[in-house]
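Here the structure comes first, spelled out in structure tokens, and everything after it is commentary.
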Amino acid sequence: LQTALTRAGFSVNATGNFDEVTASAVSSFQLKYRKELLTANGLTYPTGYFGPVARQKMNQLWGC
């Protein structure tokens, strides 16, 4: 996840742990793709949770 987020241009600490910096990067990713990840699921604000919908988008973008 951290490698894919870095590849997508988001800053993370590549520690291998899901920390606050990674959650913040996930939130930024969710905002960047707000229409698909948030609005489509009835959300207004990012959650920082990297669930199935975010995984699907990441796979679509990077083939992770």
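The values are calculated or read from the model by the stated rules, or taken from the named source; none is laboratory data. Remember, it's a predicted structure, so these values are computed and weren't measured experimentally. All Cβ positions, glycine included, derive from the backbone under ideal geometry; neighbour counts span all protein chains shown. Side chains included, ligands, DNA and RNA excluded: accessible areas come from the protein's heavy atoms. Shrake-Rupley method; radii C 1.70, N 1.55, O 1.52, S 1.80 Å.
At-a-glance table
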read-out	value
Principal axes of the chain: Cα extent on each, largest first, Å	32, 24, 18
CD proxy at 222 nm, helix term only [per DSSP H run n ≥ 4: -39500 (n - 2.57); per residue of the chain; nearest 500]	-14500 deg cm²/dmol
Sequence of R55, R7 from largest to smallest accessible area, 1.4 Å probe	R7, R55
Heavy-atom accessible surface of the chain: percent carbon and sulfur, 1.4 Å	51
Gained length - F18 relative to E36, 0.36 nm times residue gap less alpha-carbon distance	4.2 nm
Neighbour net charge for A4 - beta-carbon separation under 11 angstrom, K R +1, D E -1	+3
Accessible area (Å², per residue) of the chain, counting only protein heavy atoms and a probe of 1.4 Å	65
